[in-house]
Amino acid sequence: QVQLVESGGGLVQDGGSLRLSCVASGLTFRTYTMGWFRQAPGKEREFVARISAAGSSTYNADSVKGRFTISRDNAFKTVILQMNSLKREDTAVYYCAAGGIRYDGKLRIDYWGQGTQVTVSS
């Protein structure tokens, strides 16, 4: 059975850093595009970052460019989101996702993790 398990969330001050991890099992990890999404209270779930199956290509949402870095280690079936210069607006539940790229360039999500809470406070 496919599982995506996130960890590393918590409480951090404005300007601080946090590193999220997602460990996958039950799927051929190296063949999947991996992504991170987030959902803040009262808002829709939004795309944060994605990385190609081989790790050769990444793309970040405009809101996190220059601050967040996505990476992966296919040997350990793990995808990482390194978050720096965190802002209060980054407060959300962060979800790991596995899928592929649709014909229109958007992610097709096959599997979701259960999420990990990130709270940025002053």
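The values are calculated or read from the model by the stated rules, or taken from the named source; none is laboratory data. Everything quoted here is computed from the prediction, not taken from an experiment. Because the Cβ atoms are built from the backbone with ideal geometry, glycine has one as well, and the counts that use them run over all protein chains shown. Heads up: the accessible areas ignore ligands, DNA and RNA and are worked out on the full protein's heavy atoms, side chains in. Shrake-Rupley method; radii C 1.70, N 1.55, O 1.52, S 1.80 Å.
Taking the Cα centre as origin and putting +1 on Lys and Arg beta-carbons and -1 on Asp and Glu beta-carbons, what dipole magnitude results for the chain, to the nearest 20 debye?
180 debye
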Order Trp36, Trp112 by their accessible area, 1.4 angstrom probe, all chains in place, largest first. Trp112, Trp36
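Write down, largest first, the equivalent ellipsoid semi-axes of the chain in whole Å, where each equals the square root of 5 times an eigenvalue of the alpha-carbon gyration tensor. Don't skip to the end; give the middle numbers.
On the way: eigenvalues 104, 43, 37 Å².
One finds semi-axes of 23, 15, 14 Å for the chain.
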Given a 1.4 Å probe and every protein chain left where it sits, what share in percent of the accessible area of the chain is carbon and sulfur? 46 percent
Under the Karplus relation with 6.51, -1.76 and 1.60 and θ = phi - 60°, whole-Hz ³J(HN,Hα) for the range 3-18, x at Gly and Pro, equal 9, 10, 10, 8, 8, x, x, x, 9, 9, 7, 3, x, x, 10, 8
Go ahead and run the numbers for FRET between Ser7 and Asp62, Cβ-Cβ distance against an R0 of 25 Å, rounding to 0.05. 0.40
What is the list of residues in the range 45-61 whose amide nitrogen lies under 12 Å from a point 7 angstrom out from the Cα of Ile109, following Cα to Cβ? 45-49
Kindly count the pairs of lysines across the chain whose alpha carbons are less than 23 Å apart, treating pairs on different chains or eight or more residues apart as eligible. 6
For the chain, what is the accessible area per residue in Å², given a 1.4 Å probe and the full set of protein chains? 54 Å²
